[in-house]
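See structure below.
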Amino acid sequence: MAHPSFVPPFTTPAAVAEHLRTTGFAVLAPSDMARWIGTDLPALMALNADWNSLPPDEFLKDGGRYRKRRHACFVVDAGQVQQVPHRPHWQPVEYNALHGGMERWFAPMEAATVALPVWQQLMAALAGLSDAVFAGAQAPVPWFVEAHQFRIDTTEGIGRPTPEGAHRDGVDLVAVFLVGREGVKGGETRVFEASGPAGQRFTLTEPWSLLLLDDARMIHETTPIQPAAPGGHRDTLVVTCRRGSFQGADVVGQRAAVAAA
């Protein structure tokens, strides 16, 4: 049973890694998050304009038109961030029953955005945390990072941040940044132990607050949003870090080889 705790259970930058190890998730307030990655809130807020020009997600299988997004992939090794050629997002049906097994080619993130120092700092900080929590004696290791910019709107009356329901992503670390929300109600975050009944629920409301998840241990979802004012929407940045390879790299590579033959 989830415990109703609608105020996010914020932790401090110094305690993030330990909190992630012991509880499976951690939440940072915006100012603490900025300090944790070595920047300030104005630098992060400068990214927000990107969300006003996201193209539609053409792969929604529920028939909705409420989601817009962009996508980019990186390899981060010993703090060095390298963007890789644009590639599809792929998940197995075991992790995404609604959209799994599909090569989803989303529009790429803007080149000017991923070149910004604050973006590089953000990627490096998440990879560094992944080293500290997941790599153990092997640290540092290369991290295969996927970034997704989302806007969920309420033009159709309801928007679903997680149409696949409560899920895991098949990675090591999941980072969910609330970039902003305007004119909406709902959008409650729910996190549960994958192997037990414990869970928490809360609502992220402050721009650039951050939820971090140990994906192997935690299931997560965000409840639908409804309009509280015309043009209501909820913007997030979701970043995942995975050891070894991008998820589905073998599947995507095989299909590319067949297509080229």
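Results, tabulated for the structure shown:
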item: In sequence order, calculated HN-Hα J values of segment 191-196 (Karplus, 6.51, -1.76, 1.60; Hz; x Gly/Pro); result: 10, 9, 5, 5, 10, x
item: Segment 55-183, Rg to Rh (Cα coordinates; Rh as Kirkwood inverse mean 1/r); result: 0.97
item: In order through segment 75-85: 3J(HN,Hα) via Karplus (6.51 cos²θ - 1.76 cosθ + 1.60), integer Hz, x for Gly, Pro; result: 10, 10, 9, 6, x, 8, 9, 10, 6, 9, x
item: Contour minus Cα-Cα distance for residue 205 and residue 245 (0.36 nm per residue); result: 11.1 nm
item: Cα→Cβ-extended label distance, 7 Å offset, between residue 104 and residue 193, nm; result: 3.0 nm
item: Rounded to whole Hz, the Karplus (6.51, -1.76, 1.60) HN-Hα couplings of segment 10-19, x for glycine and proline; result: 5, 10, 9, x, 5, 9, 4, 4, 5, 5
item: Given charges at Cβ of Lys, Arg, Asp, Glu: the chain dipole, positive-most of 24, 8, 157; result: 157
item: Computed over the chain: relative contact order in percent, which uses C-alpha pairs under 8 Å that are six or more apart; result: 26 percent
item: Cα principal axis extents for the chain, largest first, Å; result: 52, 43, 40
item: R0 of 22 Å, Cβ-Cβ distance residue 53-residue 185: FRET efficiency to nearest 0.05; result: 0.30
item: Nearest-0.05 FRET efficiency for residue 139 and residue 223, computed from C-beta distance (R0 45 Å); result: 0.80
item: Rounded to the nearest 20 debye, dipole of segment 126-261 from Cβ charges on Lys, Arg, Asp, Glu; result: 100 debye
item: Label-to-label distance, nm, for residues given as residue 45 and residue 62 (7 Å Cα→Cβ offset); result: 3.2 nm
item: Charge dipole (debye, nearest 20) of segment 2-260; +1 at Cβ of Lys and Arg, -1 at Cβ of Asp and Glu; result: 300 debye
item: Packing-based order for 35-48, 126-139, using average beta carbon neighbours within 10 Å, highest first; result: 126-139, 35-48
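Only the coordinates and a few stated rules stand behind these numbers; no lab work does. Treat the numbers as computed from the prediction; the structure is a model and nothing was measured. Reconstructed Cβ throughout: ideal geometry from the backbone, glycine too, with neighbour counts over all protein chains shown.
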